[in-house]
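The values are calculated or read from the model by the stated rules, or taken from the named source; none is laboratory data. Predicted, not measured: the structure shown is a model, and the values here were computed from it. Cβ coordinates were reconstructed from backbone atoms using ideal geometry, including for glycine residues, and neighbour counts include every protein chain displayed. Areas reflect the complete protein model, heavy atoms only, side chains present, ligands, DNA and RNA absent. Shrake-Rupley method; radii C 1.70, N 1.55, O 1.52, S 1.80 Å.
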Amino acid sequence: MAFPKDFIWGGAVAANQIEGAWNEDGKGPDLSDAVVGIHGVPDLKWNHKTLRWELDLKPGKVYLCHEAIDFYHRFREDIRLLAGMGLKALRISIAWSRIYPTGAEEAPNEKGLKFYDDLLDTLLENKIEPIVTLSHYETPLHLATEYGGWKNRKLLEYWERYIKTIFDRYQGKVRYWITFNEVNNIYKMPYAVAALVNTAPSDFTNPLEGICLKDIYQASHHMLVGTALAVKYGHEKMPEAKIGGMLSLSACATYPCTCRPEDVFGTLQFRRRSLFFGDVMCYGEYPAYMDRIWKEENCEPERSPEDLQLIKENTVDFLSFSYYRSAVYQTGYGMKEDTGGAIGPVNPYLKGCTPKPWSWPVDPIGLRYVCNELTDRYHLPLLVAENGIGLDEEPDEQGQIQDNARKEYVREHLTQLKEAVKDGCKILGYLYWGPIDIVSAGTGEMKKRYGFIYVDRHNDGTGTLERKIKESYWYYKRIIETNGGVLG
Ligand code: BGP
């Protein structure tokens, strides 16, 4: 009744937050290159002649993602450090625009493919299993500026070309594939998740203005078809591979504020907005409750019978998810969201938050809750694809980084994950988010550090990029060595 012998103890990162080399070796810009923090407005300007948005980088502004932690050139050293802690798997993403710089080329960029050959081979040589996300907030920018992103069906054509190239090239090296990172985050981050920009802008200043629910649901449908295509081609090409969906589950660990029936039913409705993606990917059908939402809000997406058939026949093999925190729902409160999940009224029963300025509530039992919820609902294997804590930390006078808060966060969450295993949930593995410091997704900064390994780079772009092991490195190593036994 503990972690299974083959439990995958790993870490997770994303290309746009770690690689840097944003325009090297033929890589085209992707949507993350145009913005500092994906909650922000991308630096695009409207060209009145071409009637298209164009990249408009501001001189003097620091786009940390452009260099990130220079993993592109230093991955061998970093993988050695990760192997030193006994990491069994690393979830990476492939930057689509390294392979197809605009997304629309007929033939792939060989240098981009070669980079991932080397990266995958180095991981395997170090006995670290690669787990690959096909799209982690990295749609080529051209597909946003030319087509307005995933609301346009044209993207499915380019997606098909991209995933076939990837599966052909890397078959045999990767067992677990994840399609779209946190697809349900499309409501709060339509640009990051689905590259949505308004290609018919009214005021020509803000490319995100005017994105409506109809766009969001149309893009969601296309991405759900894209997931089904990945399952279909993935299984055809690599019968041994497993193709999974991915949700941000922080928004699902949302508790009613009171036992007032309005709060309880409101919570159910709020959670359905995220779980509907899981329902489509796992059951192969749109749930009935969406019909009413679409009708009332006049936002039903176009869905052809062929699409629905494809979705029906190609459901995912497992479900992966990120979990950082829980939230509270109160009728009429006006819920907000960010990369960590939903934000409602403060939960007085939780003992702590991550330190300011991020202040994410810490709720380890919420992890056990979502594992049980997904198991009850889908009966599929689950993969914790992200969980971790971002802290503002620098080496002390002795050059040490004593990150006790991180050790505590990991200990508490893994203790609850173990309970979920005992509850009967089939958990494939736990991938700690950001085992090495990387650029944060939401706010685009280095100051918010998740790593077991420190990287000397700062918000103003300065730093030597030198790596330094933190205290928590040894703690996670011990957890892996004892297969969680050290948790007690
Ligand atoms: C998830 C994203 C990651 C990641 C994480 C933490 O939503 O999939 O890319 O960064 O959130 O968020 P942040 O980096 O904003 O702290």
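Worth pointing out:
- Partners for Lys447 among lysines (Cα-Cα distance below 21 Å; same-chain residues under 8 apart left out): Lys61, Lys356, Lys407, Lys468, Lys470
- Simple label model, 7 Å out from Cα along Cβ direction - Arg272 to Glu297, nm: 1.2
- Surface/4 of the Cα convex hull for the stretch 337-488, nm²: 10.3
- Cut-off of 10 Å, at most 13 other beta carbons, DSSP loop: longest stretch of the chain lacking such trypsin sites (Lys or Arg not before Pro): 128-350
- Descending semi-axes in whole angstrom, ellipsoid equivalent of the stretch 248-406, from the Cα gyration tensor: 33, 21, 14
- Of the GluC sites (Glu not before Pro) found in the stretch 422-488, the ones in coil according to DSSP and having at most 13 other Cβ atoms within 10 Å of their Cβ are Glu466.
- Intensity falloff of the chain expressed as log10 I(q)/I(0), Debye formula with alpha-carbon point scatterers, at q = 0.08, 0.09 Å⁻¹: -0.44, -0.57
- Both radii are taken from the alpha-carbon atoms of the stretch 115-175; with Rh as the Kirkwood radius, Rg/Rh is 1.07.
- Ellipticity estimate at 222 nm from DSSP helix runs (n ≥ 4, -39,500 (n - 2.57)) divided over the chain, nearest 500: -11500 deg cm²/dmol
- Note on Val41 and Leu350: their simple-model spin labels are 3.0 nm apart, each label 7 Å out from Cα toward Cβ.
- Along principal axes, Cα extents of the stretch 145-232, largest first, whole Å: 49, 23, 17
- GluC sites (Glu not before Pro) restricted to the stretch 196-269 and DSSP loop, no more than 16 other C-beta within 10 Å: Glu209, Glu240
- Solvent exposure ordering (accessible area, 1.4 Å, most first) of Thr258, Thr339: Thr258, Thr339
- For the stretch 28-96, the solvent-accessible area with a 1.4 angstrom probe is 40 square angstrom per residue.
- Cα-centre dipole for the stretch 342-485 with unit charges at Cβ (Lys and Arg positive, Asp and Glu negative), debye to 20: 400
- For the chain, DSSP calls about 30 percent of its internal beta bridges antiparallel.
- Glu481-Lys312 FRET efficiency (beta carbon distance; Förster radius 35 Å; 0.05 resolution): 0.20
- Annotation: average projected area of the stretch 368-455 is 6.4 square nanometres, based on the convex hull of Cα atoms across all directions.
- Rounded if a/c under 1.5, otherwise prolate or oblate - the stretch 179-311, Cα gyration tensor axes: oblate
- Accessible surface of the chain [probe 1.4 Å, protein heavy atoms]: carbon and sulfur percent: 51
- With coordinates expressed along the principal axes, the C-alpha atoms belonging to the stretch 159-209 extend over 49, 21, 12 Å, beginning with the largest.
- Sparsely packed GluC sites (Glu not before Pro) within the stretch 386-438, loop by DSSP, other Cβ within 10 Å at most 15: Glu397
- Computed over the Cα atoms of the stretch 316-386, pair by distinct pair, the Kirkwood hydrodynamic radius stands at 13.5 angstrom.
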